[in-house]
């Protein structure tokens with residue numbers, strides 16, 4: 001992985017000759033502080049959280065379909081498979097799943113942060 005600071009250092013030092021660039025000894029380079037990778041670690045934790053939450057979301061859908069509508073295994077699997085196809089087509093661009101949901105069902109879904117920023121009051125909170 002290339003860290004932006006390393007690129008900037010290289011660009012600033014690239015006009016110097018090679019001996020001038022080697023101002024640090026090997027021992028100094030070995031003890032050079034590591035770059036701050038806080039964002040990288042935060043992104044990894046976020047992705048791990050997403051990997052944990054998505055199955056729980058699907059499980060909630062499956063339980064609701066089974067309990068409220070008495071659907072069997074095959075019906076639930078078909079619905080979840082179609083849901084996955086919709087999510088994938090949203091990720092491919094050209095298809096906005098939230099906009100389509102609003103247009104086809106009349107249900108507008110958004111985060112609390114977005115609703116607060118837009119000054120929108122929700123009909124129901126989940």
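Read-outs: derived from the displayed coordinates by stated rules, not from any lab. These numbers were taken from a predicted model, which means no experiment stands behind them. All Cβ positions, glycine included, derive from the backbone under ideal geometry; neighbour counts span all protein chains shown.
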The distance between the Cα centres of region 81-114 and region 33-77, in whole Å, is 16
The simple spin-label model distance between residue 74 and residue 117, using points 7 Å out along Cα→Cβ, in nm, is 4.5
Rounded to the nearest 0.05, FRET efficiency between residue 67 and residue 45 (Cβ-Cβ, R0 35 Å) equals 0.60
